[in-house]
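J.: Here it is: the structure, laid out below.
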Amino acid sequence: MTTITIDQIRLHRVVMPLVEPLRTSFGLEAVRPVLLAEVRTGDLVAWGECTAAAEPGYCYETVGTAYHILTKFLIPALVGKTLHHPSDGTRLMASVRGHPLTKAALDSALWDLWAQATGQSLADTLWSAQPLQAPRRDRVTVGVSIGIQPTIDDTLAIIEKRLKEGYRRIKLKIKPGWDVELAAAVRAAYPDIMLMLDANSAYTLDDADHLAKLDRFNLLMLEQPLSHDDIYEHSKLQPRLATPICLDESILCANDVRLALQLGACRIINLKPPRVGGLSEAVAIHKLCYDEGVPLWVGGMLETGVGRAQNLAVASLPGVTLPSDLSATNRYYAPDITEPPFVLNPDSTIDVPRGIGSGVTIQPDRLAAFGAAWDATFPDIM
Ligand code: OSB
Ligand code: MG
């Protein structure tokens with residue numbers, strides 16, 4: 001029987017400039033401060049990414065809180081411990097409440113470590129943890145997320161560029177004042193593309209009649225219209241819309257999915273492994289949606305190759321039935337911190353790596369170069 005003993009965990013700080021900044025209803029991300037966890041057992045090395053941002057805009061965690069929780073509590077809870085399964089990490093980290101993006105950096109590294117220790121790809125490891133009837137996929141259908149632009153014409157130009165690159169599902173960020181007119185213009189130009197909108201919690205239930213005006217645009221879904229910590233009011237909004245609601249921010253664990261489905265708060269789930277504390281809970285949510293036939297896709301947090309490879313492994317599972325927010329490496333970073341890059345196939349898919357583990361390797365020279373920029377770029381972030 002395989003066991004792994006955690007010998008050492010090191011944190012690395014890197015500065016990752018985005019090829020294209022992403023403007024959302026909660027702010028602008030142009031340069032990501034990223035914490036990477038390097039977890040070692042014997043000769044094996046695995047990596048995990050903390051996707052907490054510089055500011056508590058998407059959720060309450062920041063790079064600063066993550067560093068504090070990791071160094072003071074989570075790393076000491078894991079080092080020296082022997083695990084019989086990667087999900088043992090959940091129990092070892094249970095004394096810390098909340099902080100899912102922070103825990104995910106370690107939890108996901110434990111799964112990568114486990115995949116390596118058992119000689120499997122991460123995708124196969126996640127698949128065999130369930131168990132499932134249907135096989136997993138070798139390539140994952142993906143889309144692209146487009147931020148709030150200065151003008152509608154700018155938006156149309158970016159959509160055109162993305163469609164030419166091969167993306168067949170377009171997601172647009174919206175906010176009050178940047179919604180119905182935008183959707184109307186995009187639909188006029190592209191009557192048939194797979195189109196969805198993401199509000200990142202920018203509306204209230206009082207906006208229900210306004211949001212219902214989006215129904216005529218044949219949207220794939222409307223992502224997280226109401227508060228980040230709400231499920232109840234979404235259950236009051238969904239019956240007033242023909243467009244399916246998809247919850248992102250509101251889903252922190254499998255029980256949130258159960259509650260949302262029970263209440264009719266949404267019809268689609270966005271599964272972001274970091275937002276639910278890592279791959280252990282991601283597998284549980286996947287299984288729940290697979291068993292219940294609930295449409296599911298994998299969301300993104302502008303991950304480096306470390307997190308992207310892990311998201312891709314989740315997206316290869318058979319319960320993921322809609323295109324995921326997993327674009328090619330060149331849409332995010334040039335270069336990324338890992339090799340090889342993820343490339344978009346002409347049919348809007350990305351190949352799932354076949355090798356052992358996550359399928360990407362950290363480039364030590366880039367780790368050093370991106371790390372050196374930290375103090376100058378984020379002098380007082382933590
Ligand atoms: O709401 O899905 C979101 C990025 C950062 C934080 C929140 C979100 C996003 C995205 C980008 O939409 C998705 C991606 O990584 O491509
Ligand atoms: Mg979202």
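We did not get these values from a lab; they are worked out from the coordinates using the rules stated. Owing to the predicted nature of the structure, the values given are computational and were not obtained by experimental measurement. Please note: Cβ atoms are built from the backbone with ideal geometry, for glycine as well, and neighbour counts cover all protein chains shown.
J.: Using the Cα atoms of the range 126-360, I'd like the radius of gyration and the largest Cα-Cα distance, Dmax, both in angstrom.
T.: Considering the range 126-360 through its Cα atoms, Rg and Dmax are 17.2, 51 Å.
J.: Could you run the Karplus curve 6.51 cos²θ - 1.76 cosθ + 1.60 with θ = phi - 60° over the range 25-40 and give me ³J(HN,Hα) per residue in whole Hz, x for Gly and Pro?
T.: Per residue, the Karplus-derived 3J(HN,Hα) values read 5, 9, x, 10, 10, 10, 9, 9, x, 10, 9, 10, 9, 9, 10, 10 Hz.
J.: Cα extents of the range 165-219 along the three principal axes, largest first, in whole Å?
T.: If we take the Cα atoms of the range 165-219, the spans are 37, 20, 15 Å.
J.: Another question, if that's okay. Across the range 126-360, how many lysine pairs, 8 or more positions apart or on different chains, have C-alpha atoms separated by under 21 Å? Please give the number.
T.: Final tally of qualifying lysine pairs is 11.
J.: Return the sequence-ordered ³J(HN,Hα) values of the range 317-329 in whole Hz as given by the Karplus equation 6.51 cos²θ - 1.76 cosθ + 1.60 applied to θ = phi - 60°, using x for Gly and Pro.
T.: 6, x, x, 7, 10, 10, x, 9, 7, 9, 8, 5, 3
J.: Per the Debye formula with a single identical scatterer at each Cα and no solvent contribution, what log10 I(q)/I(0) holds for the range 100-185 at q = 0.12, 0.14, 0.20 Å⁻¹?
T.: Calculated log10 I(q)/I(0) at the listed q: -0.65, -0.75, -0.91.
J.: Moving on to the next point. Which ordering of Asp179, Asp124, Asp154 is given by a fewest-first count of other beta-carbon atoms within 10 Å?
T.: The order, fewest Cβ neighbours first, is Asp154, Asp124, Asp179.
J.: If you don't mind, another one. What full-extension length gain, to one decimal in nm, is calculated for Gln133 and Asp207 as 0.36 nm per residue of separation minus the Cα-Cα distance?
T.: 22.4 nm
J.: Inverting the mean 1/r over all pairs of different Cα atoms, compute the Kirkwood radius of the range 258-382 and quote it in Å.
T.: Evaluated on the range 258-382, it is 16.1 Å.
J.: Could you state the angle between the C-alpha long axis of helix 180-189 and the longest principal axis of the C-alpha atoms of the chain, as a value from 0 to 90 degrees rounded to the nearest 10?
T.: The helix 180-189 is inclined about 90 degrees to the chain.
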